[in-house]
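Only one structure is covered here, and it is reproduced in the block below.
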Amino acid sequence: LRKNVEDFTGPRERSDLGFVTFDITADILNGKNGLQTCWNKNTFIIFDWNVKQLFLYLSAEYSTKNNALNQVVLWDKIMLRGDNPRLSLKDMKSKYFFFDDGNGLKGNRNITLTLSWNVVPNAGILPLVTGSGHVSVPFPDTYETTKSY
Amino acid sequence: AAAAAMLSLDFLDDVRRMNKRQLYYQVLNFGMIVSSALMIWKGLMVVTGSESPIVVVLSGSMEPAFHRGDLLFLTNRIEDPIRVGEIVVFRIEGREIPIVHRVLKIHEKQNGDIKFLTKGDNNAVDDRGLYKQGQHWLEKKDVVGRARGFVPYIGIVTILMNDYPKFKYAVLFLLGLFVLVHRE
C-alpha cells in the first residue's frame, strides 16, 4: 500500500507534463528456502529458488479525450534476490517525465497509480504481477508555470 | 597414433561399403529430419502468432535480467494487448536486427490503435534515439512478439555461429557428415 501527493501540471510544447511525488511502502515476502508456505490468503512467496530478480514499476493509468487508455511508467526498480524485500521510499519524484499525448492531464480527476512487477526467473516463464492496492490521484484544473522541479 | 589411424580407415571403409541404395536412403533420412525441423518451427510460428517465436538476446541492454546469449520465447497474439512493463521484441523499420526492451508508455485509442515507447532496463534513456528519423513511437506492426519465457546461455551457439562463420561451417559440415554416415 502506498499514499502519495499530487503536484501540478505544466504544458510543454503542446503536451501536458505532470509532476507527482509519492511514497511507497511495500512488503514483498521473501521465502528463506522457498519451502515455507503462508496460509494467510493475502500473502504468498514471491522470491523462490527460481526467481532471479523482480522488476518493479509504478505506473499511472488514465483516460483522456484523445486516448481511451494511457499508461505511463513513473518509476522502476530492480530488486535482486537477496535484496531487502521491504520497500519504504518517501517523497520520491518520478524517474521519467510524465508527458501526456496531448492535454489530458489538466483537470483529470482519475489517475490510478499501481505498483506491479515482472518476475524474472533463472529459467522459465516471465509473469507480470500487479500488486494489490492502488491509489487514485486527481490533477488540478490549472497549470503551474513557474515552479522548479 | 596407430590406433587412431586404424579407426579412420575403418570409418572410410564403412562409407565405401555403403552401396548406392543405402546412400539414397541416408540422404532421404537427412531430408526428413530437416523437413521435420522446419515443420516444428512453422508450427511454433502458428501457435505463438509470431514470425520469430524464439530469439536470442544480442545486447546487454536488458541486464541483469537478460544477458547476451539468452534465449527468449515469444508470443504475438492479437488478443493480448500491449501494456506497460511487458518485454517486447520489435524491429525498427528498415532494420533487420530485433531489439528486446520493456514498454515504458502507451497511448491507446478507443479503436485499439496504440502507440508506445520502450526502454532497455540497463539503458539510462528511452529508445526514442533508436527509432527511425522522425519516428517518436512504436506501433503494433513493429512488434515481433512479447517475451513470455526464457532460458539462459543456450543462444550463445547462435551468436558464435554469427560472429565466427568458420565455426558455423564446421558445425554444419560435422552435422551433415554425421547424419549421412550414421547407420540407423
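The values are calculated or read from the model by the stated rules, or taken from the named source; none is laboratory data. Every value quoted in this text rests on a predicted model; they were computed, and no experiment measured them. Reconstructed Cβ throughout: ideal geometry from the backbone, glycine too, with neighbour counts over all protein chains shown.
If you check B:Asp80 against the conditions, is it within 14 Å of another protein chain (Cβ to nearest Cβ) and surrounded by 14 or more Cβ atoms within 10 Å (Cβ to Cβ)? Walk me through it before giving the result.
Details: within 14 Å of another protein chain (Cβ to nearest Cβ): yes; surrounded by 14 or more Cβ atoms within 10 Å (Cβ to Cβ): no.
No.
If I filter segment B:37-45 for residues that are in contact (Cβ under 8 Å) with a residue 12 or more places away in the chain, within 17 Å of the chain's Cα centre (by Cα), surrounded by 11 or more Cβ atoms within 10 Å (Cβ to Cβ) and within 30 Å of B:Asp126 (Cα to Cα), do I get at least one hit?
no
Which residue pairs have Cβ atoms under 8 Å apart, sit 6 or more places apart or on different chains, and have a first residue in segment B:117-128 that is of a type in the set (Val, Ile, Thr) and a second that is at pLDDT below 90 and assigned to a loop (DSSP other than H, G, I, E, B)?
From residues that are of a type in the set (Val, Ile, Thr), the pairs are B:Thr118/B:Asp126.
Counting only residues that are among the acidic types (Asp, Glu), within 21 Å of B:Glu86 (Cβ to Cβ) and surrounded by fewer than 17 Cβ atoms within 10 Å (Cβ to Cβ), which one in segment B:108-163 is nearest to the other protein chains (Cβ to nearest Cβ)?
Among them, the one singled out is B:Asp113.
Output yes when any residue across segment B:88-99 is modelled with pLDDT of 80 or more and within 11 Å of chain A (Cβ to nearest Cβ), and no when none is.
Within segment B:88-99, not a single residue is modelled with pLDDT of 80 or more and within 11 Å of chain A (Cβ to nearest Cβ).
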